[in-house]
1. Tell me yes or no: at least one residue of segment 124-139 is open to solvent by 60 Å² or more (accessible area, probe 1.4 Å) and under 26 Å from Phe42 (Cα atoms).
2. Take the residues of segment 23-52 that are hydroxyl-bearing (Ser, Thr, Tyr) and over 15 Å from Ile92 (Cα atoms): which is surrounded by the most Cβ atoms within 10 Å (Cβ to Cβ)?
3. Considering only segment 112-154, state which residues are β-branched (Val, Ile, Thr), assigned to a loop (DSSP other than H, G, I, E, B) and within 25 Å of Ile92 (Cβ to Cβ).
4. Before we move on, is Val110 among the hydrophobic types (A, V, I, L, M, F, W, C), closer than 22 Å to Val23 by Cα and either open to solvent by less than 80 Å² (accessible area, probe 1.4 Å) or at pLDDT 95 or above (or both)?
5. Identify the residue in segment 54-98 that is aliphatic (A, V, I, L, M), assigned to a helix (DSSP H, G or I) and open to solvent by less than 50 Å² (accessible area, probe 1.4 Å) and, among all such residues, is farthest from Ala125 (Cα to Cα).
6. If we keep just the residues of segment 1-44 that are of a type in the set (Ser, Thr, Tyr) and assigned to a helix (DSSP H, G or I), which is modelled with the lowest pLDDT?
Amino acid sequence: MTALDEVSLGVILLILGGVCTGVQGPMNGRLAISTAGSFSAFLSFALGFWPLLIYFLADTKGGKTVDWPEAARNAPGYAWLGGVFGGIFVLILTLVIHRRGASITNGIIVVTQLIISVVIDQAGAFDTTQRDCTGLRGGGLACMIVGIALVTLF
């Protein structure tokens, strides 16, 4: 068991990730106003590359603990494409956030992520644990949809 398996550390890291996501959009959006949306999104990934590289090198002893041929054989093709969706996400966020506002933009993103996540869980897609969409889960989604509608309209 690793430190990340501890529930409290995992929750703290997820909250930190939410904070990072919440402030990243307005920061990138502001840079896009002064430069261009495409440059702002590019710079976001270029700067984000460095902490990821440092963590990767520390976590894998410079890449030595990864069996690259095995990884190439066993990981399905779609598993290598997550960064493409991340790049599209950052670009869209950068272009939209200053036109719609942080709360509406992030609210729609969060609700959409939850809807897609419930669909993925229901199907067990991408080798995730299959979880049925129960009435309570569906009700929770409905509450989130109503919540973002209220934030958007008022």
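The values are calculated or read from the model by the stated rules, or taken from the named source; none is laboratory data. Keep in mind that what you see is a predicted model, and the values were worked out from it rather than measured. Neighbour counts run over all protein chains shown; Cβ positions are idealised from the backbone, glycine included. Heads up: the accessible areas ignore ligands, DNA and RNA and are worked out on the full protein's heavy atoms, side chains in. Shrake-Rupley method; radii C 1.70, N 1.55, O 1.52, S 1.80 Å.
1. Looking for residues that are open to solvent by 60 Å² or more (accessible area, probe 1.4 Å) and under 26 Å from Phe42 (Cα atoms), one finds none in segment 124-139, hence no.
2. Thr35
3. Hit for segment 112-154 is Thr128, nothing else.
4. Numbers: among the hydrophobic types (A, V, I, L, M, F, W, C): yes; closer than 22 Å to Val23 by Cα: yes; either open to solvent by less than 80 Å² (accessible area, probe 1.4 Å) or at pLDDT 95 or above (or both): yes.
For Val110, the condition - among the hydrophobic types (A, V, I, L, M, F, W, C), closer than 22 Å to Val23 by Cα and either open to solvent by less than 80 Å² (accessible area, probe 1.4 Å) or at pLDDT 95 or above (or both) - is met.
5. Residues of segment 54-98 that are aliphatic (A, V, I, L, M), as a first pass: 54, 57-58, 66, 71-72, 75, 79, 81, 84, 88, 90-93, 95-97.
Among the residues that remain, those that are also assigned to a helix (DSSP H, G or I) are: 54, 57-58, 71-72, 79, 81, 84, 88, 90-93, 95-97.
From what is left, the residues that are open to solvent by less than 50 Å² (accessible area, probe 1.4 Å) are 71, 90, 93, 97.
On the way: Ala71: 19, Val90: 23, Leu93: 25, Ile97: 30 Å.
Per the criteria, the residue is Ile97.
6. Only one residue tops the list, namely Ser8.
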